[in-house]
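Peer 1: The following block contains the structure, expressed as structure tokens.
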Amino acid sequence: MKKKLVAALMAGCMAATMFAGCGSSAPKEEAKSEAKSEAAEEEKTEEAAETPAAEGSGKVGIAMPTQSLERWNRDGAYLDEQFKNAGYETILTYSDNKAEQQVNDIQNMIAEGVDVLIVAAIDGEALNTAMNEASEAGIPVISYDRLILNDAVSYYVSFDNYTVGTLQGQFVVDALDLENAGDAVYNIELTTGDPADNNAGYFFNGAYDVIKPYIEKGTLNVVSGQTDFASVATEQWSTDVALERAQNILGSYYADGTQLDVWLCSNDSTALGVAQAIESDYAGKNTVLITGQDGDEANLKNIVDGKQTMTVYKNVSNEAIVTLKLAQALLEGKECDASLIEEFGVECAYDTESYETSAGNKCPSFLLVPSVITKDNLQDLVDTGLYTMGSDGYLSAN
Ligand code: GAL
């Protein structure tokens, strides 16, 4: 009974959104009141009362990509905890980095009658079947962290992914003081992420846009010549794939004693592979500057040990809070725009220009703020309450 009322309200909200987009008032109010009266009518004619929906606000499907990459275990746990504490029933799945499995997992959630879907896509272009079914069922979709390229998506919650990249690029520029490098030349290599992950392009472009002027000036020299996205991409963000490519590059271009100064990696799982390759296959005595992203435990250890220089930290606990608050507003038919941000209690931007679910179809997005972590500010991670510093100086996630 309650579910039908919620669904009808949702349909009203969605209908209003389709006509007028989130944040406008007139058409939505009209659609909502029509939806309410239809639902009330339907409710009156209902014969057998269904079992009342679970206490709380409804049922949420949470589809995470994999457990093989550390951060998604945290995302899944934080999202599940946030929604359960808010009174929702949850279905949490991890799809082992298999796009077809993720389609099935989402279809099962739809069959289970979820009221909203929270999806971190394995492949942003491979979920159309499930997304179209969600749309037909009137189930709103929040694209979580990685954008799904399907118009069934109602909202996108992530970090400013382009800024993740610019932070990495700017870190290299600042650490080597490239602005004042004169005739000095620094050798650099690049590794980004999974081509199926819509984020990878933003990370890579953000970083490359910062370092490109120094490559053009000759201050930075990509010895392997590999600077295009396809050449530097890493299938499924795999540590082993990043390791093997780094070993090949070191064997081909640095075995003659050429010094390697920087390896710009888009995230920690790839940085881990690159650091292992440098340890095993690079003969130079200098410390190579390595970037990363996510604050994975093994990489934080490498940062303490001087084997990685920085990581871009994204507080995914805050990402889960923003997702909860947005889902609640969506299900209650509230305005889903910048006015929500004050309820989040975390720094977040409302962006209606940067992301599209299809050509020209802008996706309203809530983007949290990433930050740079080095050995000098590891305490910032401890201060989040999400990490503990051991007596050995290494951090572990709580
Ligand atoms: C990206 C995500 C990053 C990165 C990668 C690995 O989409 O935004 O945090 O770690 O996936 O899962």
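Peer 1: Whole number please: convex hull volume per residue, Cα atoms of the chain, in Å³.
Peer 2: It comes to 139 Å³ per residue, whole-number rounded.
Peer 1: OK, next. HN-Hα J couplings of region 134-146 from phi, Karplus 6.51/-1.76/1.60, θ = phi - 60°, integer Hz, Gly and Pro as x?
Peer 2: 5, 4, 5, 7, x, 9, x, 10, 9, 7, 9, 6, 10
Peer 1: Please report the net charge: other residues with Cβ closer than 13 Å to the Cβ of S396, K and R +1, D and E -1.
Peer 2: Counting the neighbours of S396, the net charge comes to -2.
Peer 1: Less than 15 Å Cβ to Cβ from V210, Lys/Arg counted +1 and Asp/Glu -1: what total charge do the surrounding residues give? Provide the component values of the computation, followed by the final result.
Peer 2: Numbers: positive: K212, K217; negative: D160, D174, D177, E179, D209, E216.
Value of the local net charge: -4.
Peer 1: Please report the net charge: other residues with Cβ closer than 10 Å to the Cβ of S354, K and R +1, D and E -1.
Peer 2: Residues close to S354 contribute a combined charge of -3.
Peer 1: Please state, to two decimals, what the Cα-based radius of gyration of region 118-192 comes to when divided by 2.2 N^0.38 Å (N = residues).
Peer 2: Taking N as the residue count of region 118-192, the ratio is 1.71.
Peer 1: Same structure again: Evaluate the distance, in nm, between pseudo-label points positioned 7 Å from the Cα of E342 and of N377 along their respective Cα→Cβ axes.
Peer 2: With each label placed 7 Å out from Cα toward Cβ, I get 2.8 nm.
Peer 1: Continuing with this model, one more query. Multiplying the sequence separation of D392 and S68 by 0.36 nm and subtracting their Cα-Cα distance, what value in nm do you get?
Peer 2: 114.1 nm
Peer 1: Check which residues have an amide H placed less than 5 Å from L220's amide H, if you skip close sequence neighbours.
Peer 2: Under 5 Å from the amide H of L220: Y186, I215.
Peer 1: May I ask you to derive the FRET efficiency for D281 and N108 from their Cβ-Cβ distance with R0 = 30 Å, giving the value to the nearest 0.05?
Peer 2: Values: r = 44 Å, r/R0 = 1.48.
Rounded to the nearest 0.05, the efficiency is 0.10.
Peer 1: Kindly report the accessible area of region 88-229 per residue (heavy atoms of protein chains, probe 1.4 Å, no ligands, DNA or RNA), in Å².
Peer 2: Here the residues of region 88-229 average 36 Å² of exposed surface.
Peer 1: In addition: Run the simple label-point estimate for A99 and Q259 please: 7 Å along Cα→C-beta, distance reported in nm.
Peer 2: Taking the two extended label points, one gets 4.3 nm.
Peer 1: Here is a further query. In nm, to one decimal, how far is the modelled label at A175 from the one at D305, with both set 7 Å along Cα→Cβ?
Peer 2: 1.7 nm
Peer 1: Then there is this: Using the Cα centre as the reference, give the magnitude of the dipole from point charges on the C-beta atoms of region 214-273 (Lys, Arg: +1; Asp, Glu: -1; all else neutral), rounded to the nearest 20 debye.
Peer 2: 120 debye
Peer 1: Can you tell me the FRET efficiency between V369 and E332 if r is taken as the Cβ-Cβ distance and R0 is 25 Å, rounded to the nearest 0.05?
Peer 2: On the way: r = 26 Å, r/R0 = 1.05.
E between V369 and E332, to the nearest 0.05, is 0.40.
Peer 1: Let me ask something else about it. Which whole-number percent gives the relative contact order of region 200-275, counting Cα pairs below 8 Å spaced six or more residues apart?
Peer 2: 35 percent
Peer 1: If N is the number of residues in region 129-247, what value comes out of its Cα radius of gyration divided by 2.2 N^0.38 Å? Spell out each step's value before the answer.
Peer 2: On the way: Rg = 18.0 Å, N = 119, 2.2 N^0.38 = 13.5 Å.
Ratio of Rg to 2.2 N^0.38 Å for region 129-247: 1.33.
Peer 1: Another question, then. Run the numbers on the chain and let me know its relative contact order in percent, using alpha-carbon pairs under 8 Å that are six or more apart.
Peer 2: Here the relative contact order equals 15 percent.
Peer 1: For E189, enumerate residues with amide H under 5 Å from its amide H, sequence gap 5+ or separate chain, H modeled in the peptide plane.
Peer 2: Distant-sequence amide H within range of E189: V262, W263, L264.
Peer 1: Please list, ordered by chain and number, the residues whose modelled amide H lies under 5 Å from the amide H of G124; skip anything fewer than 5 residues away on the same chain.
Peer 2: Residues meeting the criterion, in which the H sits 1.01 Å from N, are N198.
Peer 1: Now, a different point. Normalised radius of gyration for region 294-384, please: alpha carbon Rg relative to 2.2 N^0.38 Å, two decimal places.
Peer 2: 1.36
Peer 1: Give K59/K334; K212/K325; K217/K314 a once-over and call out the pairs whose C-alpha atoms are over 27 Å from each other.
Peer 2: Exceeds cut-off: K212/K325; K217/K314.
The values are calculated or read from the model by the stated rules, or taken from the named source; none is laboratory data. From a predicted model like this one, the values you see are computed outputs, not experimental measurements. We place every Cβ from the backbone using ideal geometry, glycine too, and count neighbours over all the protein chains shown. Calculation scope for accessible area: heavy atoms of the full protein, side chains included, ligands and nucleic acids excluded. Shrake-Rupley method; radii C 1.70, N 1.55, O 1.52, S 1.80 Å.
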